[in-house]
1. So what is the relative contact order of region 3-84, in percent, for Cα pairs below 8 Å that sit 6 or more residues apart?
2. Along the Cα→Cβ direction, 7 angstrom out, place labels at residue 321 and residue 58. What is the inter-label distance in nm?
3. Can you give the direction-averaged projected area of the convex hull of the alpha-carbon atoms in region 3-84, in nm²?
4. Can you find, among 80, 54, 26, the residue farthest towards the positive end of the dipole of region 3-84? Put +1 on the C-beta of Lys and Arg, -1 on that of Asp and Glu.
5. Translational diffusion coefficient, Stokes-Einstein: compute it for region 184-257 using the Kirkwood radius over C-alpha pairs as Rh, at 4 °C and 1.567 mPa s, and state it as an integer in µm² s⁻¹.
6. Percent antiparallel among DSSP beta bridges with both residues in region 3-84, to the nearest 5?
7. I'd like the FRET efficiency for residue 384 and residue 341, computed as 1/(1 + (r/R0)^6) with the beta carbon distance as r and R0 of 22 Å, rounded to 0.05.
8. I'd like the per residue volume of the convex hull spanned by the Cα atoms of region 259-344, given in cubic angstrom.
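All of the numbers you see were taken from the coordinates with simple rules; none came from a lab. Not measured: the values here are computed from a predicted model. Cβ placement follows ideal geometry from the backbone for every residue including glycine, while neighbour counts extend to all protein chains displayed.
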Amino acid sequence: MSEFEQMLNESFKTIKTGEVVKGTVLAVKENEVCVNIGYKHDGIIKLEDLTADAAALQPGDEIEAKVVKINDGDGNVILSQKRMRVERESAVLQEALENQTVLTATVDEVVKGGLTATVDDIKVFIPASLVSDHFEKDLSPYAGQEISFIVTEYVPKKHRVIGDRKQLLITERKAALKSVLDNINVGDIVEGTVKNVKDFGAFIDIGGADGLLHISEMSWGRIKNPNRLYKVGDQVRCFVKNIEGEKIGLSVKFPDENPWNNAEVKYAVGNVVTGKVARLTDFGAFVELDNGIDGLLHVSQITRERIEKPADALTEGQEVTVKVTGLDLENKKISLSMKALLPREDRPQRGTRNGHRNEDNLTTADGTVNIEAYIKKMDAEEARKEAALKAAEKAEAEKEALEDKAVEVKAEIAEKVEEVKEAVAEKTEAVAEKAEEVKEAVAEKVEDIKEAVAEKIEEIKENFEKKDE
């Protein structure tokens, strides 16, 4: 074809805004690339509108781009590779929306109300409420992370793409939970990682599903604060205590490790054992003999000397050696004595009190000991002490029961409060998200108006150009 024929053909060739054209690179300049598109005017691609590497382009290379403007005022056709690419990728997003295809991208920014990620050159917004399957106040750890999500809303004209990661996590969690539930039974021993610690217990990841290690199942002893016992990331060996629907209850109180199992031998009456003073009361001291086993050391059994209160002779944490004086396996109670290990006092000796009977009838007129009266007095004193001890033990048992109930109620309240907090947080997040959507909608509407006006102006210009031709 002669140069004249080519020019003639080009003079008859028409193009329109939005059309994708092919051409040949004529020159690569500092800020733009000139392209022969077989039209009466050459095409210009600004470097910022290139998807190809400008440094690698050479005259004669074939190139494809979208027509953005027929005439830039200087007789050039404005082209863009990026807009062409975005349109083609729009089809990918549309397909992802329709087929719920899982997309993967790196988080660009943590913005108010959520995250942004870019799928090729298209920005995707993931609202905070759709980032995780549970409320997360701080999203900053997601910055720079690669995440997977599905597209739940796509409006090409408004450049609006909404991603949802929450659905994927819920689906994954349900699948993992089903797999776990299908393969475990009550009594099974499992190993897991502490995922979260609350006032009422700790959530343990046991292979994709979470089980609750309640505060009451953390130790044979008494636990007031789970955070002192477990930290996030700790490895835990436990067993499945119960399964209720999708809820898995865990425990570390293995039956064969129950400290009371061998108590009748280890703490038999007469045995001498050591322990630590766990707490002091007005009537005695509770000595921790083993994890979950406390014995009562009554104030009258601490020393032979009279003391007003246990704190006069003992301190919390002090190690003591005691003798077991009582064991009640049914009610899990142990009575202890330090006094029983002290050297015995001399028995009452014969003596006189000026030949008169004393006021408590322990001696006769001739000064001899009234053994019968002495024994009765000792028995009465022992009975009084025994009654006081039982009353004290009962009071302490009632106190412990109330404290245990208080811990249990506190744990239940904490659990409910946590649920309410999460619900309120999610609601607040939803409101904030809605406000952000309204704000975006207004901004998009303004942008639409601007684009419509620009398109109308361009259309008018093209009509004038055609008339001039």
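1. Details: 161 pairs, mean separation 25.6, N = 82.
The normalised contact order for region 3-84 reaches 31 percent.
2. 9.7 nm
3. On the way: hull surface 20.6 nm².
The orientation-averaged projected area of the Cα hull of region 3-84 comes to 5.1 nm².
4. Farthest towards the positive pole: 80.
5. Numbers: Rh = 12.1 Å.
It diffuses with D of about 107 µm²/s by this estimate.
6. Details: 16 of 19 bridges.
Bridges in region 3-84 that DSSP calls antiparallel: roughly 85 percent.
7. Numbers: r = 23 Å, r/R0 = 1.02.
Computed FRET efficiency for residue 384 and residue 341 comes out at 0.45.
8. Working: hull volume 7.1 nm³, N = 86.
Value for region 259-344: 83 Å³ per residue.
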